[in-house]
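The structure appears right after this line, and notes come after that.
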Amino acid sequence: MLKDQIKHYITEQQNSPNGKSITIFKEEKEYVEKNNLGENVQFSEKDPSTRFADAYIERCDKETENMIKNESSSFLAQRLDYLKKHKNEFIYLESIWFDLIGVEAISVEADDVFGTYDVMLGLKLQKKFEKTLKENLNSLLHGDEAKFDLMFSLEDGLWNLNFALNYVEGFQEEITVGEAFQLIYRFLFQLVEAVEGERK
């Protein structure tokens, strides 16, 4: 799935006026180089802070799940601890980049009890990948307390995945909301790549 999506993205870019030189983000660039997907194409790296510049962002109320405010990308510059100061809120984000890795929208909130930053999402992978998914989640999340919830929804045909961002490599309390979503994206990209690699 990931390989097909990235190939499709490259083909689309090649058909654009600048087809011989494509600007992509680090994760995709590393993947392309590792899998020899971009023959006769020059790849340069995009600034990671621009990945979610055109994302759809909402601040929502935890209890009702109603939208409080539709935010512009400037909200991504807020420190992540905004969520600890506004414990009744969660951040909901949709992006075309999530489509690439088979992820539905992502929500992040501060956990009232454990004080962690909880990430919630839907992952489009078949049910048969349960074992591989769990193994890779266990190896990619760091720390003794690292826990995740993974449940397959027959209704939606996707995995409902929850995990604490605090146990993802590179996490720091001082990061911005935008940096948190970049970290989540990189983590999920590695997860999907690992699962795909094992199913060959």
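The table for this structure:
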| quantity | calculated |
| --- | --- |
| Answer from Ile91, Ile106 - the residue that is of a type in the set (Val, Ile, Thr), modelled with pLDDT of 95 or more and in contact with a Lys or Arg (Cβ under 9 Å, 6 or more places away or on another chain) | Ile91 |
| Residue satisfying condition, being under 22 Å from Val192 (Cβ atoms), in a strand (DSSP E or B) and outside the structural domain of Glu12 (by TED's automatic domain parsing), within set Ala146, Ala105 | Ala105 |
| Residue match in segment 64-83 (condition: of a type in the set (Phe, Trp, Tyr), part of a strand (DSSP E or B) and under 20 Å from the mean Cα position of the chain (by Cα)) | no |
| The listed residue being in the same structural domain as Glu89 (by TED's automatic domain parsing), touching a helix residue (DSSP H, G or I) at 6+ places or on another chain (Cβ under 7 Å) and not in a helix (DSSP H, G or I), out of Phe189, Phe171 | Phe171 |
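The values are calculated or read from the model by the stated rules, or taken from the named source; none is laboratory data. Computed from a prediction, not measured in an experiment: that's the story for all the values here. Don't worry about glycine lacking a Cβ; one is built from the backbone with ideal geometry, like all the others, and counts go over all protein chains shown.
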